1. Could you size up the charge dipole of chain B around its Cα centre, putting +1 on the beta carbon of Lys and Arg and -1 on that of Asp and Glu, and report it in debye to the nearest 20?
2. Just tell me which lysines come within less than 23 Å, Cα to Cα, of B:Lys404; anything on the same chain fewer than 8 places away is out.
3. At each listed q (0.16 Å⁻¹), what is the log10 of I(q)/I(0) that the Debye formula gives for the stretch B:396-438 modelled as equal alpha-carbon point scatterers?
4. For the stretch B:130-304, build the charge dipole from Cβ charges (+1 Lys, Arg; -1 Asp, Glu) around the Cα centre, then report which of B:Asn136, B:Leu235, B:Leu249 sits farthest towards its positive end.
5. With only alpha-carbon atoms in the gyration tensor, what are the semi-axes of the equivalent ellipsoid for chain B, in Å, largest first?
6. If you average the C-alpha positions of the stretch B:54-126 and of the stretch B:326-348 separately, how far apart do those two centres end up, in angstrom?
7. Within 10 Å of each Cβ of B:48-60, how many other protein chain Cβ atoms are there on average?
8. About its Cα centre, what dipole magnitude does the protein assembly as shown give when the only charges are +1 on Lys and Arg Cβ and -1 on Asp and Glu Cβ, stated in debye to the nearest 20?
Amino acid sequence: MKISMTVWENRVSPVFDSARSLLIAEIMNGCIANRTNFEVTTCGTLVHKLLTSSVDLLICGAISQEAATLIENAEIEIVAFIAGNQDQILEAYLQNRSLQPFTMPGCCYQPYSCKLQGLQTRAQWRMK
Amino acid sequence: MNTITPSTTHTILESISDGVFTVDHSWRITSFNRAAETITGIDRTEAIGRYCWEVFRSNMCEGDCALKRTMKESKAYVSSSTSIINSRKERIPISVSTALLRDDDGTILGGVETFRDHTLVEELRQELNGTFEFCNMASRSKKMQELFRILERVAISGSTVLISGETGTGKELLARAIHHLSSRQAEKFIPINCGALPDNLLESELFGYQKGAFTDAGKSKPGLFTAAQNGTILLDEIGETSQAFQIKLLRLLESGEYTPLGSTEVLTSNARIIAATHRNLANMVEHSRFRQDLFYRINVVSLELPPLRERLEDIPLLAERFIERMNRVTGKQISGLAPSSMERLLTHTFPGNIRELENIIEHGFILCTNGLIALDHLPAYLRNRPQPVVAPGSIQSAQAAGEKEMILSALEQTGNNKRAAAALLGIHKSTLFRKIKKHNITSH
């Protein structure tokens with residue numbers, strides 16, 4: 001399976017819609033087998049890259065509804081409103097830990113983050 | 001004189017409607033006022049101590065951050081427009097001002113950012129106008145409003161778009177709107193009318209040429225696809241291109257690759273392509289006049305602009321906009337259209353669509369010095385036109401009468417040749433037959 005993350009320096013990019021770098025990591029047997037960074041110039045190319053890279057999951061910061069709809073329509077699961085160091089988040093994800101400690105402020109009151117409260121994402125479940 | 005105490009300053013900050021937050025040198029939030037809580041939806045207890053970009057989530061955080069510029073250049077910035085994304089994934093339009101934060105000794109403690117929510121202003125403006133405005137386009141038409149609603153999603157997708165609509169319906173304006181709503185907005189938008197150029201010239205304009213490629217090619221010239229790198233290119237009147245050119249365009253769309261004239265070097269372009277046409281491309285494909293593979297390549301997202309005669313409710317609105325604009329340009333004080341002029345416009349079929357309406361208003365401005373644009377100020381073809389019989393107060397009947405008049409005129413111009421008349425009207429022959437039957441038009 002493939003997971004992706006919009007990154008800025010060594011962190012999750014704060015806003016997906018203006019992110020300029022996409023990390024795609026291929027996971028095999030619970031470990032990262034391969035990771036590649038793609039530089040993008042526009043949100044359109046970022047979405048296009050995601051839709052054409054057979055990605056199962058996107059981890060990102062804040063995201064607009066328009067962009068989220070496009071990605072979810074392509075059956076890519078989104079874990080949004082995540083902030084922090086990219087490697088720590090990837091590690092937590094691979095170890096099947098909740099990403100709740102990495103949520104952006106103000107997001108824990110939203111129903112969207114229910115999936116982060118100790119629940120596994122579909123992709124985590126598939127990874128097992 | 002009483003000096004303002006820190007507690008008074010705190011009260012002031014808490015009572016204003018602008019969001020205010022401060023950061024230290026490591027970009028962590030040190031204070032967050034009540035309005036900032038309201039606009040972002042984030043409690044200050046959660047915000048303080050976090051990195052500002054994790055809380056503020058603006059589209060300038062990663063790139064052109066105003067606060068970063070202020071800290072770097074020791075210079076305040078006022079009213080930069082941007083938007084933030086709240087935890088409900090809603091985009092909130094805001095304006096941002098930044099300044100350095102100093103203590104009493106002048107030591108820089110960090111930065112201060114104030115921001116104002118513009119959502120309500122935008123909503124009220126739309127309600128007051130009773131219209132839907134979008135990127136310089138205004139309409140009361142349901143069909144247009146549906147189009148506006150999906151435009152942002154279309155823009156952000158980065159997909160190739162096909163815009164169809166009669167001449168003068170605003171295809172270029174729509175393409176510009178898509179460009180400005182996309183994240184390519186800072187890059188170039190280049191429109192080119194494919195129908196206006198012969199094949200070889202169009203090819204050299206778009207793909208560029210190598211020195212010596214043809215007699216006058218004294219030096220190499222990069223094409224528009226190079227100039228539009230990271231931006232958007234509008235290929236207007238794509239239905240007028242030759243099959244040979246269509247093959248080259250197909251290659252570009254499929255692989256992003258093209259070869260300048262006279263060169264062997266293969267170049268790549270990531271320009272977004274928007275195609276526009278006044279023709280029915282599906283129909284042209286059926287008749288082998290347009291390549292099917294190219295049609296499917298450009299028809300990823302298809303947007304159709306309705307002709308003005310199908311959205312008569314927009315005529316008063318657009319006329320008002322053009323009058324406002326012309327008043328600004330000419331310095332005149334024209335207050336609007338006289339009822340008789342408006343009536344004449346509402347029963348006109350507008351083959352030239354919005355462009356024609358704009359020209360009519362411009363004509364009116366030349367003849368009218370002040371007050372209302374009267375019937376006498378309209379172009380002769382409108383002034384002298386016998387009024388079609390219209391049921392009072394019915395836009396539908398006005399539209400039907402206009403349609404009948406247009407069909408009769410087309411039949412007359414083509415010597416009653418239905419196929420030619422249909423082509424002239426830009427509709428399918430079977431549609432013409434249906435309309436002839438509907439309007440009880442008898443053969444000449």
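Here, each number is a calculation from the coordinates, and none is a lab measurement. As the structure is a prediction and not an experimental result, all values here were calculated from the model. Virtual Cβ from ideal backbone geometry, glycine too; neighbours counted across all protein chains shown.
1. 1300 debye
2. Within reach: B:Lys143, B:Lys418, B:Lys429, B:Lys435, B:Lys437, B:Lys438.
3. -0.34
4. Value computed over the given set: B:Asn136.
5. In descending order, the three semi-axes are 50, 33, 20 Å.
6. Their Cα centres are 42 Å away from one another.
7. Per-residue shielding by partner chains comes out at 6.
8. For the protein assembly as shown, the charge dipole is close to 1320 debye.
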